[in-house]
Structure formats: C-alpha cells, structure tokens
Protein chains: 2
Amino acid sequence: MGTVNIDNWVVQLRKGVLELCLVNLLANGEIYGYDVVKQLARVKGLVVTEGTVYPLLSRLRKAGLLTARLEESPSGPARKYYGLSSEGRQARVLMNACWGDLLKGIAELQKEREGNHG
Amino acid sequence: MGTVNIDNWVVQLRKGVLELCLVNLLANGEIYGYDVVKQLARVKGLVVTEGTVYPLLSRLRKAGLLTARLEESPSGPARKYYGLSSEGRQARVLMNACWGDLLKGIAELQKEREGNHG
DNA sequence: GGCAACTACCTTGCATTGCAAGGTACTATG
DNA sequence: CATAGTACCTTGCAATGCAAGGTAGTTGCC
C-alpha cells in the first residue's frame, strides 16, 4: 500500500453527514436539485454528485422532511425546488443538537493525549 | 409517519465517524477489542456493538493502520490488543485535519440563518 | 433541419458497511 | 453439568454513496 488511504475514509465520513448538510442548506430557502449539487460540492471536504443528491432528495421528501414543487426555468428544463417542511425544520433542530453532542464526544477522544506514545 | 425519524439519521451519521473515533481512542495506547466496544459505547451519540467494532478492527489491521497482538487474560480468553502502527499515526493526523475542514464547512451551512423562517 | 453543449431531472447496479443475531471458547461459581 | 461473565469472530440484511447511463428542454452553430 505505501501511503495511507485517506480517500476511502473520507468517502465513509461523508455518509451521514450529507443529510445534515442538506437540511442546513435548505434552511436558507428553497433551491432546486441541480443547484444543491453545485452548492454542496463547494463545501470543503464534501464532494457530491447527482447520483448522491437526487436519491437523497427523494428519500427525504418521501420521509416528509422536504417539500417539492416544479417551476419552469427561463432556459432549460423545469426545475424542482425543494424546501424544508415543518417536520423538516423540527428535524433540523434535532439533527444539529445530535451533531453537537457527537462533536463533543469526538473532541474529547481527540484531546486525551495529543502527541505522545507512552 | 407523524414524528421525525431522527433515529435512522443518527445511524447513518455514525458511519464514517467511527474510524475517526477509533484511531483517536487507540492513540491513547493499546487496548483490546472488547474494551474498545465499551469505551466507544460511552461516547455520547455513538452507540456501537461488537458486530460493528470487530469487523472495523479487522479492516483497519488489514489496511495496515493497526497492529495486533494476543495476550493472555488473568480470567477469560486471550485478549487481542490493538494499537496504531506508524501508518495509523500518520492517518490519524490526516483524518483529524480532514475532520476539522469538514466541521468548518458544516458550521458555515448551519450558521447562515439560525432560527428565522421569513 | 441536424448536431453539439449545457441545464436539469432521474434510475440502475455495485461496493461498502453498520449492526442484530448467532457462534465459539475460556474461567469461575454453584 | 448449568449459568454467567469475558472475549473473540462471522453471517446475513438493509441502507446508501456514487459512477455510469438515460431522458428531455434550450441555445447556438452550421
């Protein structure tokens, strides 16, 4: 192997974090799927593609967290705008709280002994 | 559906975060698998079982990030102690750096508009 | 009209992986 | 022998990220 395979780890890390990012992105207002892809792709450490985002939007909409409506585009096919439902807004609050708890736990593990080896 | 299904989301969130927690736990020194289970289970927001931890330890050992050695127990079967290899220590540094980057990106998404709905 | 490029949506199929459940085995207690 | 605790591991299922491929509307070029 030679070098440490961080790439594969980062792939795994993104899992689960995506939904958190999505609901927080949508909390700023409705946006359409293709735009979600581009905006999330700009978050450092978070490389996403359409194959990830569209199924995720579908799942969360079916789960009742997102609303969706079609709107014609000035140029190109119609856009499907997604927004947070009231359930989605509740979920966002809970998710951010869970996230905060997890961060604390991880931070504790990270800080126990920074750079020694017994 | 009625209530927001946060449970399922938390399950997904844990994915990928586990390896980060593990390497930081091992950075404190060698511990054996059964003990890893108990210690990680105490991290808030991180409920893990043997079915999660043992395959993970195996994977990371095969990837060269962990060392393993058997040691007899004063009572019960032999324990397999795991520790970070030099690759594992390098990986830990990189992983913590990636984690920091991701946190920043997520924090930005979270803070854009905290609690309004206008 | 024909063709390529961009926007915008969605689905299929594969690989990974968390985890409940089940299995093996050692030690100690009764 | 039976039970309980420690300690390891594997099997099988469900979830999901993502590369790849597909459909369709608009624009611009020849």
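The table for this structure:
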item	result
Test: B:Leu40 is in a helix (DSSP H, G or I), within 12 Å of chain A (Cβ to nearest Cβ) and among the aliphatic types (A, V, I, L, M)	yes
Members of segment A:57-100 found to be away from chain B (no Cβ under 14 Å) and open to solvent by less than 80 Å² (accessible area, probe 1.4 Å), listed by number	A:Leu57, A:Ser58, A:Ala68, A:Glu71, A:Ser73, A:Gly76, A:Ala78, A:Arg79, A:Tyr81, A:Tyr82
Subset of segment A:22-48 [near DNA strand C (Cβ under 8 Å from one of its atoms) and not charged (D, E, K, R)]	A:Tyr32, A:Gly33, A:Tyr34, A:Val36, A:Val37
Lone qualifier among B:Arg92, B:Arg69, B:Arg61 - being among the basic types (Lys, Arg) and more than 15 Å from the chain's Cα centre (by Cα)	B:Arg69
Condition met for A:Gly33 (modelled with pLDDT of 90 or more and more than 17 Å from B:Trp9 (Cα to Cα))	yes
Check on B:Leu26, under 23 Å from A:Ala107 (Cβ atoms) and touching a residue at least 12 places away in the same chain (Cβ under 8 Å)	yes
Some residue of segment B:4-16 being within 7 Å of DNA strand C (Cβ to nearest atom) and either in a helix (DSSP H, G or I) or modelled with pLDDT of 90 or more (or both)	yes
Pairs with Cβ under 6 Å, 6+ apart, first in segment B:58-79 and at positive phi, second loosely packed, with under 11 Cβ neighbours inside 10 Å and of a type in the set (A, V, I, L, M)	B:Gly64/A:Met1
Count - residues of segment B:50-73 that are more than 8 Å from DNA strand D (Cβ to nearest atom) and assigned to a loop (DSSP other than H, G, I, E, B)	4
Residue in segment A:14-21 that is open to solvent by 40 Å² or more (accessible area, probe 1.4 Å) and either free of Cβ contacts under 8 Å to residues at least 40 places away in the same chain or touching an Asp or Glu at 6+ places or on another chain (Cβ under 8 Å) (or both) present	yes
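The values are calculated or read from the model by the stated rules, or taken from the named source; none is laboratory data. As the structure is a prediction and not an experimental result, all values here were calculated from the model. Methodologically, a virtual Cβ is constructed for each residue, glycine included, from the backbone with ideal geometry; neighbour enumeration extends over all protein chains shown. Side chains are part of the model used for accessible areas, which takes the heavy atoms of the whole protein and leaves out ligands, DNA and RNA. Shrake-Rupley method; radii C 1.70, N 1.55, O 1.52, S 1.80 Å.
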